[in-house]
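Scroll down for the structure; my scribbles are underneath it.
Bear in mind that the values in this text are calculations on the coordinates, not laboratory data. Keep in mind it's a predicted model, so treat the numbers as computed, not measured. All Cβ positions, glycine included, derive from the backbone under ideal geometry; neighbour counts span all protein chains shown.
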Amino acid sequence: MLALSVQLVEAFRLDRTATALQERVTKLFEETRDDVYRYLLMLGLQPARAQEAVQEVFLRLYQALKKGEDIQSPRGWIFRVAHNHGLKVRARQAAEDPFDAGLELQLASHSDTPERELLERERVLEFHRAFEGLSDQQKRCLTLRMEGLRYNEIGSALGISASAVGEFLHRAMVRLKKGRDERSGKEKR
Amino acid sequence: MSEAVRRKGKRMSGFQHPGEDLLLRYIDGEIAGWKRRQIRRHLEACWQCRGAVEELQQTVADCVRYRKEIPAYLPAPPRAWSDLAGEFARVDAAMAGEPFWKRFVFPVLKPALAGMAVLALLAVVIYQFEKAPAVKAAVLLQRAVVAESARAAAPHAIRIRTRNASFTRATASHDPIPAEAERLFAEAHYNGEDPLSARSYMEWHNSLESQDDPVETVPDPVVPSESCYRIHTVPASGEVSGATLLLSTADYHAVDGMLEFRDRNFVEFTELMGSPAGGGNAAARVESPVRPSVPSRSDAVVPGASASISDQLAVYSALHQIGADLGGSIEVSLASGKVMVGGVGVASEVQQRVHHELDSLPNVSIQFSEPRAIPAAALDNAETARAASAAPQTRLEDRLGRVEFQRFRDAVLKSDETVMDRAYALRTLARTFPVEVESGLSSSDRRMLRDMLRDHLSHLSKQVSEVQSLLQPSLSAIGATVQARGVAEGTVWQSSVEDVIRASQLVEVRLSVLLGVTPAQNSTSTQLPSDVLTALDDLRLQTDHCTSLISQ
């Protein structure tokens, strides 16, 4: 009888722990899924596959936490796993149906909007072109930095050192700044 | 402040401007402690650097705006986000679905297995201790600090040596030291007031994010019958590439130390035997014998040494930073104990940038020369060749129209030129650092080399895609197709780079014939568009293969 009680108490404790864990992952999912989805699209995944991959990433997070993995920065962990999983999905997808977000086309279209909005879109389009001119590694570092990851987390996601991340980010910023200077030069002329 | 000065960070008007990279790390909160305070103080005083920070912040703001705006142009998720709750149950079930024996037997055996694991671990530890006194650097430093505190603080003289200066001072002195040494200690976040002490080394050691620091026992450099612990620390990041401290095994007192920097600078601090403290006068000359320095690696830069392959790599890296390793106009070689840098007809602003980057490096000699005038007849011949080669381009020109074709040709040739620049830069590295040379490089040098290679390959891959996307629509429209071919499977990156070069040269030759830049050697005009696409595809595959080898 005593043994049964101990088992029941233990089961109750485990259940409560599991529920807390699920709530934690669900909250993270709701907060972060759009960012991860966008990152995976930028990585070149088809929208449907990106959405599936997002879900997969959060289930892996749940699994890892349940196994007792000590995850200091869940956001960093999520993007690292999303990056690695995304690359695998993209490799499978490449042969079947490569995806191009076609951002430039989308940004360049719509000419019937008010002038201010048009100018804003033009600015985003110019920045997008400058962004596309970066090396892949610079783009990845910058995108992950925009998502709020620290240098060591970005390095961990991309398999490079934190100092290399700093270098890539610096080069990216120099090129983007150069692009902005050129744009403002044009506007002044 | 010029752009180049701001990017690299140079001493101006008697104080040090942090480089733009450092400022970026600063605003990103990636610099901590003493250095962060130093930059903050500098920014308070320096309008120029504040301006540089503001410009960086504007670019950051552009990025933030871009991130905010871009979702509006991206496709929304095709389905509503599903509830994870059901999926959690699936994961739980899968995790619970481990083999029956595992669930039943493992809890019973778990304590026993854990006990066995502990015993095995103990056995390994005991074996290690018996085999060699593998002392951990952190433990050793801790002991040395305790011993240092217990000793009477009798000041003695040490000699501090940098690339350009050598001076003596008393230990733990507050006297000023030459600016170069002060700057180096500051860059390293190392206590320059008392460099030759276990405490200073330990404080620096503990501030590192991660490091590798093997300890070995070596003979005392001055009294070979005695021995020293030699701690060599290789930080994973930061300005310092390696640091060494020698501690006497008898009483743990520090006898010699050295900090080596990624830009090849160094600062060495050595105990002067039997010398009084000398009053801490930085200019004083002390004749006492000096312990010989113990370089951390065989090819470390020491004053007076001739140039090494490591110096040559540093030159390539510096040229890479300013993009001067592209275009093949600058040649780098090792000769007469120096890294010789030169080129013919290099643009004057490029020459200036090269001087700016390399003048401070040791054992480097720079010499540029002007090209000889090309005889007019040679130019005439080139024009004739161009005219004679017009045939294969006709179909494209007919299709696109003359003006559009010229625009198309210029765009393709420009992209191809950048492809060749990258390919030749890769070849230079492959031939300068063959397998046997690369294997002799230190881990930080090897990392620097691989980073450069990855950067070149990433650009190359992008540029090949660019040429492909320019050509594919027009050539497909006139019936061109890609012929499937195998890829040469080099097993080391050096041989794979040669394959990349062969493939890119083939692309260049075929493209220039297709676009009427050079005459066709034989009649291949019908097959040529397909040959061009095939050669480009080969180049892409070779590049991918080489990239995968670099990443191994």
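Before moving on, here are some points about what is shown:
- When you filter the trypsin sites (Lys or Arg not before Pro) in the stretch B:415-510 for DSSP loop state and at most 12 other Cβ atoms inside 10 Å of their Cβ, you are left with B:Arg485.
- For the pair B:Asp83 and B:Arg36, the difference between a 0.36 nm per residue extended length and the Cα-Cα distance amounts to 12.4 nm.
- Note on B:Gln527 and B:Leu470: the extension gain reaches 18.6 nm, defined as 0.36 nm multiplied by sequence separation minus the Cα-Cα distance.
- Pairwise FRET efficiency - B:Ser166 versus B:Arg431, Cβ, R0 = 51 Å, nearest 0.05: 0.85
- 10 Å Cβ neighbours from other chains, averaged over peptide A:171-181: 4
- Note that the stretch A:64-72 has calculated 3J(HN,Hα) couplings of 5, 5, 5, 6, x, 5, 8, 9, 6 Hz, one per residue in order, obtained from phi through the Karplus relation 6.51 cos²θ - 1.76 cosθ + 1.60 (θ = phi - 60°); glycine and proline are x.
- Between B:Glu180 and B:Ser360, the modelled label-to-label distance comes to 1.2 nm, taking each label 7 Å out from Cα in the direction of the beta carbon.
- Across the stretch B:450-457, rounded Karplus estimates of 3J(HN,Hα) from the backbone phi angles (6.51 cos²θ - 1.76 cosθ + 1.60, θ = phi - 60°) give 5, 4, 5, 4, 4, 5, 4, 5 Hz, Gly and Pro being marked x.
- Between the beta carbons of B:Val218 and B:Ala147, assuming R0 = 25 Å, the FRET efficiency works out to 0.85 to the nearest 0.05.
- Working from label points 7 Å from Cα in the Cα-to-Cβ sense, the B:Ala335 to A:Lys27 distance is 6.9 nm.
- Total formal charge among the other residues, if their Cβ is under 12 angstrom from that of B:Asn206, Lys/Arg +1 and Asp/Glu -1: -2
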